[in-house]
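Undergrad: One structure follows; several queries about it will come next.
Read-outs throughout are calculated quantities, based only on the coordinates presented, and are distinct from any laboratory measurement. Every value quoted in this text rests on a predicted model; they were computed, and no experiment measured them. Backbone-built Cβ (ideal geometry, glycine too); neighbour counts: all protein chains shown.
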Amino acid sequence: MKIDSGDTAWVLASAALVLLMTPGVALFYGGMVRAKSVLNMMMMSFGAMATISVTWVLWGYSEAFGESWHGLVGNPFQHFGLSNLLSDKSVFGTIPALAFVAFQAVFAIITVALISGAIADRAKYSTWLIFTVIWATIVYFPVANWVFAFDGFAATKGGWIANSLKTIDFAGGTAVHINAGAAGLVLALILGKRIGFAKDPMRPHNMTLVMLGAALLWFGWFGFNAGSALGANNTAAVTWVNTMAATGAACLGWLATERIRNGHGTSLGAASGIVAGLVAITPACSAVTPIGAVAIGILAGVLCALAVSLKFRFGYDDSLDVVGVHLVGGLVGTIAIGFLASASAPAGVDGLFYGGGLDQLWRQAVGAGAVLTYSFVVTGLIGLALHKTLGFRIERDAEVQGIDLEEHAESSYDLGSLGGGGLSHAGAAAFGAPTNNSAPTNSSTPAATPNRQGATS
Amino acid sequence: MKLVTAIIKPFKLDEVKQALEAYGITGMTVSESSGYGRQRGHSEVYRGAEYKVDFVPKVRVEVVVDDVDAGDVAMVILKAAQTGRIGDGKIWTVPVEDVIRVRTGERGLDAL
């Protein structure tokens, strides 16, 4: 196959767009928590960017897209470190292998980052980082193989959902959103409720950050969905328009639900509706017409707006509604394909409402159910193991005081001038010099000065 | 001397300041504060969950004045800050033993 420069340009640009979604998630989630935990919330997303970037090039890509073992998991050793894919002879479709590697990497990153919203304000940061690596290895990479690895594209044999079951999941309603939502639910159950859940006011501390995050998500999502065409072509254009239409409709659906139920359409409702619509159209954007996309959007906006209240009824603290938005939105989009798919869209399949019968519907339901069940069970095992050994939750007092101070020794906002106590050790910590309350300093202790001079001369 | 403290609705601050200036008051201290009285708080809804927010944002205006002006100053603030609706705030007056101007060391009325 020959490399097409247009396709390659679009996929590389899309990969960058999708990478921007994870800081978008950080802002979206960060604004929603209280001021004492915004840094930790954002650091959970940034941490996932760091750990998964490294994990992906080592064994993650190979596990997801290497030669598949019975359609269940790719061979993690085949492309370990990626060095055998660097030649310009390594071409998948019309793009360089590494363009595909880059594009899929950012999917893995954001899926992991999405989970963090369910356990806001209370997760031990070191355990979270370890969790991201284990979870990606045992849950995300295999599931990505099931859903995204088509036979004969990156490997001769791909995953079972994509090739045998033939569930339509264009950009990750199952592998990304149902997967992250189910994982979030089970982690929220394992870690338990935040202190004061459903009693203390836990309002978003900064709605403008939430809106900015939602805007970046919407922007980046065009890379997520239209980039999944893996080419600058008609499929990319159709999925782009469907992504826009569904998102607008979901925003309206959520606002209308709030207006009827609570009397006001809120900015958090608009931002949440946008994300719900993006989630729901993700699997479906290649399979429906723009009218179908609007229908999916409205459905997702209304159902997710109703679903976010379930946590109070059932008493689980999915703090930022990863379940209500991503699990429910992912299910809505994945199942809706069975009803609303139209053969006039690029996927070329008719759903129930377009005379296709029940064939696609059961494939969608089984695919969604399989990912949900696998993610719930295996994440539960990982979460419990980490919780019992390393501990997954910070101490009570630390949580009350605020996780930013406990886990990162920082405060998010210094808006007043009264906080300062003076610089205690300028640069000393960075060079390992003793502090005041440890052994007396002697003149041979490495000090900041010589290194600084070296750096500036 | 008396300290007149008024807790008012934030959007009334400009009117109160202008009224005090018109009366001849030359300085005041203003701070943002929060609280509730009979008004209690208000409710806010986030993703369908209704939160009762008890502490409502207010502005605290503090003026130190000569004893004979205290009653008038309180009435000036009252007229400027009143909307007649719930949550207009409170005004109270307490005696002040001494005032010192930091720059010059002047005391008492000279320091106002």
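Undergrad: Counting alpha carbon pairs within less than 8 Å and at least 6 residues apart, what relative contact order, in whole percent, applies to the range A:5-403?
TA: Details: 883 pairs, mean separation 88.4, N = 399.
It comes to 22 percent, rounded to a whole number.
Undergrad: Please list, in order along the range A:325-332, the HN-Hα scalar couplings obtained from phi with the Karplus expression 6.51 cos²θ - 1.76 cosθ + 1.60 (θ = phi - 60°), rounded to whole Hz, x for Gly and Pro.
TA: Karplus values, whole Hz, x for Gly and Pro: 9, 7, 5, 5, x, x, 5, 4.
Undergrad: Just how many % of Cα pairs in the range A:57-193 lie over 21 Å apart, if you round to the nearest whole percent?
TA: More than 21 Å apart: 42 percent of the Cα pairs in the range A:57-193.
Undergrad: Determine the calculated [θ] at 222 nm for chain B from helices alone, applying -39500 (n - 2.57) to every DSSP H run no shorter than 4 residues and normalising by the residue count; nearest 500 deg cm²/dmol.
TA: Numbers: 2 runs with 26 residues, N = 112.
When only DSSP H runs of four or more count, the value is -7500 deg cm²/dmol.
Undergrad: A follow-up question, please. Given H placed 1.01 Å from N in the peptide plane, which residues other than close sequence neighbours of B:V56 have an amide H under 5 Å from its amide H?
TA: Counting only residues 5 or more places away or on other chains, the set is B:G35, B:Y36.
Undergrad: Can I ask one more? Per residue of the range A:248-263, in order, report the coupling 6.51 cos²θ - 1.76 cosθ + 1.60 (Karplus, θ = phi - 60°) as ³J(HN,Hα) in whole Hz, putting x for Gly and Pro.
TA: Rounded to whole hertz, the list is x, 5, 5, 4, 5, x, 5, 4, 5, 4, 5, 4, 6, 7, 10, x.
Undergrad: If amide hydrogens are placed 1.01 Å from N in the peptide plane, which non-local residues have theirs closer than 5 Å to the one on A:F92?
TA: Correct list: A:A97.
Undergrad: For chain A, what is the calculated [θ] at 222 nm in deg cm²/dmol (nearest 500), taking -39500 (n - 2.57) for each run of four or more DSSP H residues and dividing by its residue count?
TA: On the way: 17 runs with 255 residues, N = 457.
Using -39500 (n - 2.57) per qualifying helix, the result is -18500 deg cm²/dmol.
Undergrad: Please provide three numbers in whole Å: the alpha-carbon extents of the range B:2-111 along the principal axes, with the largest listed first.
TA: 58, 27, 21
Undergrad: Hey, another quick one. To make sure I understand, if each residue's beta carbon is the centre and we count other beta carbons within 10 Å, what order do A:S319, A:S267, A:S83, A:S164 fall in, fewest to most?
TA: Least to most surrounded, the residues fall as A:S83, A:S164, A:S267, A:S319.
Undergrad: Please compute the net charge surrounding A:S272, taking Lys and Arg as +1 and Asp and Glu as -1 over other residues with Cβ under 11 Å from its Cβ. Working shown, then result.
TA: On the way: positive: B:R47; negative: A:E258, A:D321.
Surrounding charge for A:S272 is -1.
Undergrad: Sequence-distant or interchain residues sharing an amide H contact under 5 Å with B:Y51, placed H: which?
TA: Those lying under 5 Å, H to H, from B:Y51 are B:E44, B:V45, B:Y46.
Undergrad: Taking θ as phi - 60°, what are the ³J(HN,Hα) couplings along the range A:289-296 by the Karplus curve (6.51, -1.76, 1.60), each to the nearest whole Hz, with x for Gly and Pro?
TA: In residue order, the calculated couplings are 7, x, 5, x, 5, 4, 4, 5 Hz.
Undergrad: If we count other beta carbons within 10 Å of each Cβ, what is the order of A:T239, B:T26, A:T22, fewest first?
TA: Details: A:T239 30, B:T26 8, A:T22 23.
Least crowded to most crowded, the residues run B:T26, A:T22, A:T239.
Undergrad: Moving on. If you take the alpha carbon radius of gyration of the range A:234-312 and divide it by 2.2 N^0.38 Å, what ratio comes out, to two decimals? Spell out each step's value before the answer.
TA: Details: Rg = 12.5 Å, N = 79, 2.2 N^0.38 = 11.6 Å.
So the Cα radius of gyration is 1.08 times the expected 2.2 N^0.38 Å.
Undergrad: Between the range A:316-379 and the range B:1-36, how many Å separate their Cα centres?
TA: First find each Cα centre; the distance between them is then 60 Å.
Undergrad: Dividing the alpha-carbon radius of gyration of the range A:5-403 by 2.2 N^0.38 Å (N being the number of residues), what value is obtained?
TA: 0.92
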